[in-house]
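This report refers to the structure that appears directly beneath it.
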Amino acid sequence: MSAEVLPYTIKPHPVTGLYNGKFGVWLFLASEVMLFGALFSTYIFLRIGAPETGPAAWPSGEETHLSWKIGGLNTLILILSSVTMVLAWVQFKMDNFGKGRLYLAITAILAIAFVAIKFKFEYAHKFHMDIVPSTSVFFAIYYTMTGLHALHIIGGVVVICYFIGPGAKLWDQNREYYTNRIECTGLYWHFVDLVWIFLFPILYLL
Amino acid sequence: MNRSRIIGIAAALLVGVCLIAPSIVLGQTEAPAVSGNAIDGDYGYGLPPMVSKDGQRVDDLIIIVHWFMSALFMGWAIFFVYCLMRFRARAGHKAAYDPIKAKVSKYSEIGVAAFEAFLLIGLSMPIWAATKSEPPPETEATHVRVVAEQFQWNFHYPGADGKFGKTAADLVDTVDNPLGLDPNDPAAEDDVYATELHLPVNKPVICDLTSKDVIHSFSLTVMRVKQDVIPGMRIPVWFTPVKEGRYEVACAQLCGNNHYSMRAEMVIEDDASFATWLEEVGIVEEFDEDELD
Amino acid sequence: MSGDHHHEPSFIRKYVFSVDHKVIGVQYGITALSFLFLGFCLMMLMRWQLAYPGEKMPYIGNIFGEAAMPGGVMLPEFYNSLGAMHGTIMIFLGVVPLLVGAFGNYVMPLQIGAPDMAFPKLNMMSYWVYFVGGVVMITSFFVPGGAANSGWTSYPPLSDIATAGQTWWLFGMVCLITSSLLGSVNFIVTIIQLRVEGLTMFRLPFFVWAQLITSFLLLLAFPPLEAAGVLQLMDRLAGTSFFLPEGLVVSGVLQTQISGGGSPLLWQHLFWFLAHPEVYVLILPALGIVAEVIANNTRKPLWGYRAMIYSTIFLGFMSFIVWAHHMFMTGMGTKISAFFATTTMIISIPSVVILTALVISLYQGAIRFTVPMLFALAFLPMFAIGGLTGLPLGLPAADIHLHDTYYVIGHFHYVVAPGTIFAIFAGIYFWYPKVTGRMLNSTLGYIHFFFSFIFINIVFMPMFWQGMAGVSRRLYNQTVYAHGDAVQSLTVMSSWGAWMLGLAQIPFIINFFISRFAGKKVSNNPWHATTLEWLAPSPPPHGNFETVPVVYRGPYEYSVPGASEDFNPQHVTTEACSSVS
Amino acid sequence: MKLSMFTLAAAVAINTFVYTPTQCMADGQNTITGKIIFKGDPDAYKRTKINTSKDPNCKKSKKTIGSEQVIINKKSDPMTLRNVVVSIKEGLGKKAFPVSKEQLTITQFGCQYVPHVLAGQAGQELRILNGDDTNHNIHFLPEVNDQYNFTQPKKDTEVGKVITLKAEDPFKVKCDVHPWMNCFMAIFEHPFFDVTDKEGTYTLAGMDDGKYTIEAWHEEFGKVTAEVEVSGGKAANQDLTFEPKP
Amino acid sequence: MSDAHADVSKHVKAYIAVFATLAVLTIITVWASTWHLSHPMAIAVALAIASVKATLVAMIFMHLKWEKAGNIWFVIVLTVFFFVVLVSIPALMHSDRPLGTVFSSWG
């Protein structure tokens, strides 16, 4: 009900040029920047403060047991999923529902692949080696940051699957509304990608 | 509700409070102090006694700021009360629509800003710089390491050789070795451990603050010294006591259930007494077993 | 969707899981007022221990159980729990939800002429997440070891090694932060997008501006604390050492199970990065309420409306770069302390501007001493005292003596207790007729005001003297120190003030409930106000306005020369204003 | 809970002078008795006066207190050790024993714990009393049990909670306000344990016939064990010896 | 959002190009980490590449290149500013300590 009553839910506001959802998502992303910002700040603060030697020293590349191959593969997967996400939006925009939905599905599959690789080849492997968050500050940060990022991915997958499945009904009722929502989902999805772009070098390479 | 009733209520209230407040202040019994030792100095409602060489600067700053604040508030309040009385709604009085051209506010704001700048740059920063980046010469100063723990202040003196022995976390034993001194370190042999802070008068003191467990705050009210004690860091503070006597060391940061019990005493004494104390405090007396049985 | 329009929603949809901003506003209001009362009660318990340390609490001493108060005497751990929870409840569960959740939610959409918030479902979720957070906080009192007892600031390592209540506190905080984030996104979008035609940004009531800035503060400042909360949860549950350095020896036992390498100061940075903007979250909406009430009751436009808005924006911006003035005593050097002291001095200027503008607004007005106006007027000197006493705390050198003493307590309580909470009362008395369609009884209101005003000063004024004398805050028993024992009489006075202040709230509570049914019925615009909320019926129906209003002028057009009334509502055309009716 | 002075004085007196851990009525007939012998230089373990100047209120209960880590009875020959926990370590099989109904008490008096070493059976109730006019904070540092941490700011009070402990090797209990204050608690599944008195003797009673390993534990010198065989209700005698390396 | 269909379909090429660039940059980052650069230099290079990638994602995928809404730009600028404050000041404070401060409790 309220969606119909409220202005600018679907059509952009003539002055601001935005519909409510898009502005809302950007604001939400702003808060996400600060959330991850705090974690990046933690990373830098603790890294600068780490002693040169001793058990609390920052581990070098080999000591982290993080494989750049797996990390790099995951980076590519995530970038690819970003592309398919934006292509899905293009298809909806051009009224190709079927193709758009296909791209959405590919995005979801890529995202699941990302999470699967993360859990199967990284977390499980590390737990097997008895490397847990309490092992060192580096791994505490590694698990917290990538874990929080993975939660974001899982959240994104849930939303995407919703729009492939039950949410797709909206397409029949109001195409523009549906496309808008895909755009908002896309914005979120690209942001998650963007976070990973920073996480990859600071955790795997430096 | 008419105005006379309001005034009546307000007057009754004021009278009531005038009666209540003194009775509260006067009618109480003095709570017994837990401490057994008499603490020197005259403590009251104002700033506590001040017995350090540089503490007066902090006091002066506080006093100047408060005069400034009072002046500002009084000026403001007079205008406020004037407005309330002069411009109350009444028959025949109408509010003016056009805003007044109040240059005064602009000037006063600039004045406030200028004075704040003076307080900050002229007074506060030099004191702070002296407190944080101009330590007294190492050779002249009495050096003490202060090790805080829940809920106790430990004081570590370097002894005759002037060198602190090495300490390590894994050597700590609450009874035998509260400081975690390394018995193999020759510098540790003559180190002195105490739970009372004794300092010679008129000599600068450097206290290196460390904590074993949580954040504490080393507060010497009478010296106008306060510094958080952060685990994982050793932070120095320095001051020069100028008056002999027995004072208190307080913990000013919530450090656990018994935070309020984390109190130590500080004795400022002349060089001779300090030297004697330093020699005697380490001596352990033998315990006569029959006394227990 | 089509057939639903006339269908009356079920009770649950209408009053429990409602998406109507007004119902949510009222839900927020009732919940937050309950929490405010609870937080106040915790404080009254603490005041007993402070005034009469170690003595049995009369009458109610035995109901708290042997674990908290054996024999009716409060234990330090319970005292610390009360202290930590008083702070948390008052700030995160009481004042912010009242100012933003209740007043913001109810009044802001009405003031901009919107039918509802931009995201009604998000709004509902925000309330329920807040509610869950509140329940978690309350439940934590009943877990072994009691509620969180490391202070509302929860400084690690103490909070890392604290009892289970701390974990509950963190979960509760994560809920509350999430709720605030959802709310702030909603507020910003609503204010930017849903203003009615003609309501430009500089025709917005100051209250809406305050809500906008506040929402930005919440949006950008809260996430770091959420991150910090997650890190502390990791420390407590997964055994990491984000906030723990190497070589901790707790109670004589070397902590070998932790890796070390963390820093206790990291928490303080992330915490105060939130908590300083949070101070402005507490004060800006309060200033907004006060501005509305003052403009309405002086019957003249606010003086320096634009200057106030620019100051507010500046305040909001600066509040992000002053946080380390809470950390002067953590071993800060000269450069950084000079930077933060400077920003702190700078941030005092816009506050002075706002306060000056408000007091000059009184000049040449026709001041009606209504109950909301009395609270709003009392707010001004109280806020002035609170603000001025921040000055010595912002100067690092003076802070050496005053840091973590009662002076700090007095300072921020003057800002938030007789400051913000008086503004809240002003708001309640002011908008109650809009929400219920009935006036609050003004005789009870006057009694409430005068008693509150006098006693709240008796509570907090002595704290400045205690602080000057050097008494640390958070002491279970200050008489163990000579300087504390010397000013114990002030503590006793303060405590009696607090209990009397509690009694002074009884007329308000009675008034609040009785007037709902027995108050004088009022028209849409009982205060003869100009802003849009007074156009809507009292109480406003679902959808708020019968016809979408159009705005023709600024928010505070009172006593316009040549107009037929002494107020020109925003939605009335100029011709209609001047025609004699 | 406010205690009467009498209760408290009784608790202190009993624990100081006649403390023997309560033995529950086990159904066996046999007893093991013996001495804990100290072989070494007693002058290396002299007791010292504890400096309580940090808290002047400690002296109100007791003028001087001495260290209690090592208390050697030099008058007897051979010298014996006090405060040694002796218990059966092996040989009881899987038999379960009823829990003693008697309460254990530990009292803070003169800023010292009375008794200094407390032995009890798992599930036995423990009361914690404060006889000092000061604030104590009793902090348990076990690994199996909960790390209880109680504050007692008032004289003549008892911790509101009566606690029961699980079986655990001797662990330290300390006061966070008075760092010199500590004591040890040893909790067993069975009732066959004792703490040596000032004569250095112990008695374990009520075992069935069989072969047992007994263990003696001292906070400074660690553990020693011995094997004892008992049968037919005869009292077996088994001394154990601590021989610290100089 | 007023893009016609044709406009949007033009974007597709840009998306593919950006994907290619991102993939190449990822490989370069990994490659760069094997250069054995000095530590600050390595960080600078890695973060510079990451920033370029992030900018590409934001500008093209998130349509900032075509974004005209001032509000969004305002939010972005504000957020980036506070992000920088949040990340840099705690780290900076590490270097400004009272004379004689040591980062260890023991020794």
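Just checking, which of D:Pro191, D:Pro170 is part of a loop (DSSP other than H, G, I, E, B) and buried (at least 17 other Cβ atoms within 10 Å of the Cβ)?
Going through D:Pro191, D:Pro170 in turn, the sole match is D:Pro191.
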- Message: Looking at D:Ala186, D:Ala216, D:Ala205, D:Ala226, can you tell me which residue is modelled with pLDDT under 90, surrounded by 16 or more Cβ atoms within 10 Å (Cβ to Cβ) and assigned to a strand (DSSP E or B)?
- Response: D:Ala205
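Give the residue, chosen from C:Met373, C:Met382, C:Met345, that is away from chain E (no Cβ under 14 Å), buried (at least 24 other Cβ atoms within 10 Å of the Cβ) and part of a helix (DSSP H, G or I).
On the way: C:Met373 fails: buried (at least 24 other Cβ atoms within 10 Å of the Cβ); C:Met345 fails: buried (at least 24 other Cβ atoms within 10 Å of the Cβ).
Every option except C:Met382 fails the conditions.
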- Would you please list the contacts, defined by Cβ atoms under 6 Å and residues six or more apart or on different chains, that run from a residue in region D:224-235 that is of a type outside the set (Lys, Arg) to a residue that is assigned to a loop (DSSP other than H, G, I, E, B)? D:Ala226/D:Gln238; D:Val228/D:Gln238; D:Ser231/D:Asp209; D:Gly233/D:Gln29
- Is one or more of the residues making up region D:55-66 away from every other protein chain (no Cβ under 14 Å), in a loop (DSSP other than H, G, I, E, B) and closer than 21 Å to D:Val173 by Cα? no
- Give region B:226-264 a look and list any residue that's closer than 26 Å to D:His178 by Cβ and β-branched (Val, Ile, Thr), or say none. B:Val229, B:Ile230, B:Val249
- Query: With B:Thr210, B:Thr167, B:Thr240, B:Thr221 as the choices, which residue is of a type in the set (Ser, Thr, Tyr) and out of contact with any helix residue (DSSP H, G or I) (no Cβ under 9 Å at 6 or more places or on another chain)?
  - Reply: B:Thr210
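Taking region A:56-69 on its own, how many of its residues are facing chain C (nearest Cβ under 10 Å) and closer than 15 Å to A:Pro133 by Cα? Walk me through it before giving the result.
From region A:56-69, those facing chain C (nearest Cβ under 10 Å) are A:56-58; that's our starting set.
From what is left, the residues that are closer than 15 Å to A:Pro133 by Cα are A:56, A:58.
Residues in region A:56-69 being facing chain C (nearest Cβ under 10 Å) and closer than 15 Å to A:Pro133 by Cα: 2 in total.
For region B:258-293, enumerate the residues that are within 12 Å of chain D (Cβ to nearest Cβ), without any contact (Cβ under 8 Å) to a residue 12 or more places away in the chain and either surrounded by fewer than 19 Cβ atoms within 10 Å (Cβ to Cβ) or of a type outside the set (Ser, Thr, Tyr) (or both). Don't jump to the end; show me each part of the working.
Residues of region B:258-293 within 12 Å of chain D (Cβ to nearest Cβ): B:258-265, B:267, B:277, B:280-293.
Subsequent filtering for residues that are without any contact (Cβ under 8 Å) to a residue 12 or more places away in the chain retains B:260, B:280, B:283-293.
Scanning region B:258-293 gives B:Glu280, B:Ile283, B:Val284, B:Glu285, B:Glu286, B:Phe287, B:Asp288, B:Glu289, B:Asp290, B:Glu291, B:Leu292, B:Asp293.
Residues are listed down the side, and each one gets a yes or a no for (1) crowded, with 22+ Cβ neighbours inside 10 Å; (2) of a type outside the set (A, V, I, L, M, F, W, C):
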site: A:Asn20; (1), (2): yes, yes
site: A:Leu27; (1), (2): yes, no
site: A:Ser31; (1), (2): yes, yes
site: A:Ala38; (1), (2): yes, no
site: A:Ser41; (1), (2): yes, yes
site: A:Ile79; (1), (2): yes, no
site: A:Ser82; (1), (2): yes, yes
site: A:Arg101; (1), (2): no, yes
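Tally the residues that are outside any loop (DSSP other than H, G, I, E, B) and surrounded by 10 or more Cβ atoms within 10 Å (Cβ to Cβ), restricting the search to region E:33-42. Give the steps one after another, and end with the answer.
Initial filter on region E:33-42 (outside any loop (DSSP other than H, G, I, E, B)): E:39-42.
Then keep just the ones that are surrounded by 10 or more Cβ atoms within 10 Å (Cβ to Cβ); that gives E:41-42.
Residues in region E:33-42 being outside any loop (DSSP other than H, G, I, E, B) and surrounded by 10 or more Cβ atoms within 10 Å (Cβ to Cβ): 2 in total.
So, of the residues in region D:138-156 that are in a strand (DSSP E or B) and of a type in the set (A, V, I, L, M, F, W, C), which turns out to be surrounded by the most Cβ atoms within 10 Å (Cβ to Cβ)?
Here is the first cut: in region D:138-156, the ones in a strand (DSSP E or B) are D:138-141, D:149-152.
Still in the list and also of a type in the set (A, V, I, L, M, F, W, C): D:138, D:140-141, D:150.
Values: D:Ile138: 22, D:Phe140: 19, D:Leu141: 19, D:Phe150: 20.
Applying the filter and picking the extreme gives D:Ile138.
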- Message: Test of understanding: among E:Val45, E:Val75, which residue is under 13 Å from the mean Cα position of the chain (by Cα) and outside any loop (DSSP other than H, G, I, E, B)?
- Response: E:Val45
- Note on the structure: The condition of being facing chain C (nearest Cβ under 10 Å) and either of a type in the set (Asp, Glu) or surrounded by fewer than 20 Cβ atoms within 10 Å (Cβ to Cβ) (or both) holds, among E:Leu86, E:Leu64, E:Leu78, only for E:Leu78
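So that you can scan it fast, the table gives a plain yes or no per residue for (1) over 21 Å from C:Gly316 (Cβ atoms); (2) of a type in the set (Gly, Ala, Ser):
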| position | (1), (2) |
| --- | --- |
| C:Gly113 | yes, yes |
| C:Met124 | yes, no |
| C:Gly145 | yes, yes |
| C:Thr153 | yes, no |
| C:Gly172 | yes, yes |
| C:Cys175 | yes, no |
| C:Asn186 | no, no |
| C:Thr190 | no, no |
| C:Arg203 | no, no |
- Message: Among the residues that make up region B:160-169, is at least one of them of a type in the set (Val, Ile, Thr), in a loop (DSSP other than H, G, I, E, B) and either within 30 Å of D:Glu68 (Cβ to Cβ) or assigned by TED's automatic domain parsing to the domain that holds B:Gln253 (or both)?
- Response: no
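Of these, B:Lys226, B:Lys203, B:Lys243, which one is charged (D, E, K, R), in the same structural domain as B:Ala148 (by TED's automatic domain parsing), at pLDDT 90 or above and crowded, with 24+ Cβ neighbours inside 10 Å? Break it down stepwise before answering.
On the way: B:Lys203 fails: crowded, with 24+ Cβ neighbours inside 10 Å; B:Lys243 fails: crowded, with 24+ Cβ neighbours inside 10 Å.
Criteria check complete, one pass: B:Lys226.
Restricting attention to region C:112-126, and to residues there that are assigned to a helix (DSSP H, G or I) and surrounded by fewer than 24 Cβ atoms within 10 Å (Cβ to Cβ), which single residue is farthest from the other protein chains (Cβ to nearest Cβ)? Working first, answer last.
Taking region C:112-126 and keeping what is assigned to a helix (DSSP H, G or I), we get C:120-126.
In the following step, the residues that additionally are surrounded by fewer than 24 Cβ atoms within 10 Å (Cβ to Cβ) were identified as C:120-122, C:124-125.
Details: C:Pro120: 5, C:Lys121: 8, C:Leu122: 8, C:Met124: 11, C:Met125: 13 Å.
Within region C:112-126, the match that is farthest from the other protein chains (Cβ to nearest Cβ) is C:Met125.
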- Query: C:Phe131 is checked against (1) surrounded by fewer than 22 Cβ atoms within 10 Å (Cβ to Cβ); (2) farther than 30 Å from C:Gly543 by Cα; (3) within 19 Å of the chain's Cα centre (by Cα) and fails just one. What number does that condition carry?
  - Reply: (2)
- Message: Tell me yes or no: at least one residue of region A:9-23 is touching a Leu at 6+ places or on another chain (Cβ under 9 Å), part of a helix (DSSP H, G or I), under 26 Å from A:Ile197 (Cα atoms) and of a type in the set (D, E, K, R).
- Response: yes
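Among the listed residues B:Leu119, B:Leu181, which satisfies the condition of being in the same structural domain as B:Leu61 (by TED's automatic domain parsing) and surrounded by 15 or more Cβ atoms within 10 Å (Cβ to Cβ)?
Values: B:Leu181 fails: in the same structural domain as B:Leu61 (by TED's automatic domain parsing).
Every option except B:Leu119 fails the conditions.
The values are calculated or read from the model by the stated rules, or taken from the named source; none is laboratory data. Being a predicted model, the structure only gives us computed values, none of them experimental. Note that we place each Cβ from the backbone using ideal geometry, even for glycine, and neighbour counts take in every protein chain shown.
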